Every structure is written in C-alpha cells, then in structure tokens.
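*Asks:* First the structure, then my questions, so here it is.
None of the figures in this text is laboratory data; all of them are computed from the coordinates on show. The structure presented is a predicted model; accordingly, all values stated were derived computationally and were not measured. As a convention, Cβ positions derive from the backbone with ideal geometry for all residues, glycine included, and neighbour counts pool all protein chains shown.
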Ligand code: RIB
C-alpha cells in the first residue's frame, strides 16, 4: 500500500540561468539561455514523493497567469492529486535562479499566490489526514498557514516533517508540532542564532542536539555531500551521502524530504529512510533544474542495490 502524503506549500515557476560568476553592483553580465522549470519547494516535494512511491495530494495556490496551469500540469504528470490547488487572481509564485559552475544556486523569490495561502483554504482537505499519513511543509507560504497545517496533522496523529526553508526563526509552539525538522547547514545556523559554519559531522552533531531543544522530536541536519546527521532523544547518528559530481543542487533538499517521507511511510526506520533519501538527493544534483532533476523510484533502488 502506497504511503499517503499531503504537502502544504509553494508552487513556483523557476526562471533559471547558468552564470559564470555573480555580478558586482552596477555590473551587467550575460548568462545562459533562460529556462522555465516547474519548481517551488512544496510542489517539488509533492512531485518527488509521488515519483518515489507515495500517494500524494498537494495543497497550495497559483495565480491567474500562464504559469499556474503549467505548474499544475507538471504535478499531474507525476501523478499528484491537484484537486486542492486553488487558482486566485494575480501572479503565480516565481523564483529567479542563478546556477554557478560548481552547481550551487542563488534564488530570489517572488511569493505571488503562495504569499496569501490561508488556513481557511486548506482546512477541509487537511481533515482527511489520519494516523497513517505524513504531512510535508516548508516555509514559502505564510507561517500561520504552516503552523495550522502542522497542528491539524498532529491532532490527527499524522507524522509531520518541516523543511525550515527558506531559513527564518521559528516560534517554539510551531517547533513543538514537528516530528522531523530537516534544516541544511545555513538554516540550522540561523535557527540557532549562530554564525558558526557547520561544515563537519562533529559541529553538525552539536548543532542538531541544540536544535532538539527547540522542540522537534527528531532533527535531520543535511550536510550536502557529507550526508546527514539524525538526532533524537536516543542520540545522534551519521548517515553518509553518496559521492557524485554535482551540476545543480536545486531541489536536492526537496528530493531528500520527499524520499524520507516515502521511506518512513513504507515503514523504514529513520536511519534507513535517511539513507534512501540521501540516495535520491544525490541523483537529483547530477541533473539540472528542480522537478526536472528528480529521479524515478527505480533509479534510487538501483543506486542503493550497488552501494
Ligand atoms: O528548493 C528549490 C526551490 O526553491 C526552487 O524550485 C524554487 O522555486 C525555490 O522555491
């Protein structure tokens, strides 16, 4: 039986260019041809969870421009239930993405319809959450809406997974509703109010322990190529990544979260789920774009069978 996964979050049209370097203030540079790719942290997680084996519903909002139908169509091609994506008057969310030669990206968001997704808009569909479901949320829709979704999921016994991206400080009452908090290094530092670089397992373990004190049941600290650290009240474990040549890291974190949810929903323990998620994310960074980079389930199973 496929795990039931509900995603509450953003849908963005990603306007992507590859560049050799960042411009200085006042400077004009030419990048690659512009590509329009379906993205948004919420939509990427829904897309990936569906490809990787979940029964997925996406709750979110698009605008009345041409991007809305494009983003919904992409999710439908991946098998996501889009019946609860609302279309409102105005602009769809967009993300200007600049990808540097080593694969890192710089993202500038324009929230569009994501910025007004209200608790009222998601209340009815969230009533279908049950103890066998998982909720995936991120931080590209209003915080009150994310907190509302987490509360409804918790009341119904569903597993809650919060990707605290883009980074912002979080109220303790929201953190207490989270079963799995999954920051990357930058997000973890911001949540802790620290300027220290988290670039080793040792520092990640120390940061993960401090993050647990904010209230989530488990912390999964994403360390890029190093893999992740999984921390909870029983201790801290390292789950190494899969070495690959990265061309574009866009949506790697989204792929990780979706894969982790699918694996948990299939009954894997957290460490095995993290290994599965590391494998999925490692494939995504070898390909350009957001949803365009997300692997099929068979590709992840194949990678895990040879490693
Ligand atoms: O996580 C990657 C995503 O962040 C992109 O698809 C972009 O839309 C931004 O939301």
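*Asks:* Going by how many other Cβ atoms sit within 10 Å of their own, how do 248, 65 line up, fewest first?
*Replies:* Working: 248 24, 65 17.
Ascending Cβ contact count within 10 Å gives the list 65, 248.
*Asks:* So, one more: Per residue, how big is the convex hull of the stretch 1-126 when only Cα atoms are used? Give it in Å³.
*Replies:* On the way: hull volume 15.1 nm³, N = 126.
Spread over its residues, the Cα hull of the stretch 1-126 gives 120 Å³ apiece.
*Asks:* If you line up the Cα atoms of the chain on their principal axes, what length do they span on each, largest first, in Å?
*Replies:* 52, 43, 40
*Asks:* A further question follows. Using a ≥ b ≥ c from the Cα gyration tensor of the stretch 86-242 (square roots of the eigenvalues), is it rounded, prolate or oblate, where a/c under 1.5 gives rounded and otherwise the larger of a/b and b/c decides, a/b for prolate? Walk me through the numbers before you get to the answer.
*Replies:* Numbers: a/c = 2.07, a/b = 1.22, b/c = 1.70.
Because a/c hits 1.5 or more and a/b fails to exceed b/c, the stretch 86-242 counts as oblate.
*Asks:* Taking square-rooted eigenvalues a ≥ b ≥ c of the alpha carbon gyration tensor, is the stretch 181-256 rounded, prolate or oblate, where a/c under 1.5 means rounded and, failing that, a/b exceeding b/c means prolate? Walk me through the numbers on the way to the answer.
*Replies:* On the way: a/c = 1.76, a/b = 1.51, b/c = 1.16.
Note, shape of the stretch 181-256 comes out prolate.
*Asks:* OK, next. As a test of the formula, what do you get for the chain when each DSSP H run with n ≥ 4 contributes -39,500 (n - 2.57) and the sum is divided by the residue count, at 222 nm and rounded to the nearest 500 deg cm²/dmol? Spell out each step's value before the answer.
*Replies:* On the way: 10 runs with 105 residues, N = 307.
The helix contribution divided over the chain gives -10000 deg cm²/dmol.
*Asks:* Across every pair of different alpha-carbon atoms, what Kirkwood hydrodynamic radius in Å does the stretch 61-108 reach? All intermediate terms of the calculation are to be shown ahead of the outcome.
*Replies:* Values: mean 1/r = 0.0811 Å⁻¹.
Kirkwood radius, the stretch 61-108: 12.3 Å.
*Asks:* With label points built 7 Å along Cα→Cβ from the Cα atoms of residue 88 and residue 202, find their separation and express it in nm.
*Replies:* My value for the distance between the label points is 4.9 nm.
*Asks:* Related question: Ranking 249, 169, 128 by Cβ neighbours within 10 Å, fewest first, what do you get? Can you show the working numbers first?
*Replies:* Values: 249 20, 169 10, 128 13.
With the fewest neighbours first, 249, 169, 128 line up as 169, 128, 249.
*Asks:* Right, next: Just want the ordering: 266, 205, 104, 197, from fewest to most Cβ atoms lying within 10 Å of their own Cβ.
*Replies:* Working: 266 16, 205 19, 104 13, 197 10.
Fewest-to-most ranking of 266, 205, 104, 197: 197, 104, 266, 205.
*Asks:* Moving on. Please state the relative contact order of the chain as a whole percent: Cα pairs under 8 Å, 6+ residues apart? Display every interim value, and only then the final one.
*Replies:* Working: 754 pairs, mean separation 54.0, N = 307.
For the chain, the relative contact order is 18 percent.
*Asks:* Shifting gears a bit: Would you kindly state how much longer the chain becomes between residue 130 and residue 302 on full extension, computed as 0.36 nm times their sequence separation minus their alpha carbon distance, in nm to one decimal? Show your work: numbers first, answer last.
*Replies:* Values: separation 172, 0.36 × 172 = 61.92 nm, distance 3.17 nm.
Extra length from residue 130 to residue 302 when fully extended: 58.8 nm.
*Asks:* Related question: Return, ordered by residue number, the residues of the stretch 8-48 whose backbone nitrogen is under 14 Å from a label point located 7 Å along Cα→Cβ of residue 106.
*Replies:* Of the residues in the stretch 8-48, 17-32 have backbone N under 14 Å from the label point off residue 106.
*Asks:* How much space per residue, in cubic angstrom, does the convex hull of the C-alpha atoms of the stretch 72-146 take up? Before the final figure, lay out each step's value.
*Replies:* Working: hull volume 11.1 nm³, N = 75.
Per residue, the Cα convex hull of the stretch 72-146 comes to 148 Å³.
*Asks:* Distance between Cα centroids, the stretch 152-196 to the stretch 49-126: provide it in whole Å.
*Replies:* Cα centres, the stretch 152-196 to the stretch 49-126: 20 Å.
*Asks:* Can I ask one more? Springs between alpha-carbon pairs under 10 angstrom, Gaussian network model over the chain: which of 31, 68, 265 fluctuates most?
*Replies:* For the chain, modelled as a Gaussian network with Cα springs under 10 Å, the answer is 31.
*Asks:* Checking the a/c ratio against 1.5 first, then a/b against b/c, what shape does the Cα gyration tensor give for the stretch 128-196? Please list the in-between numbers first.
*Replies:* Working: a/c = 2.37, a/b = 2.07, b/c = 1.14.
Verdict is prolate for the stretch 128-196.
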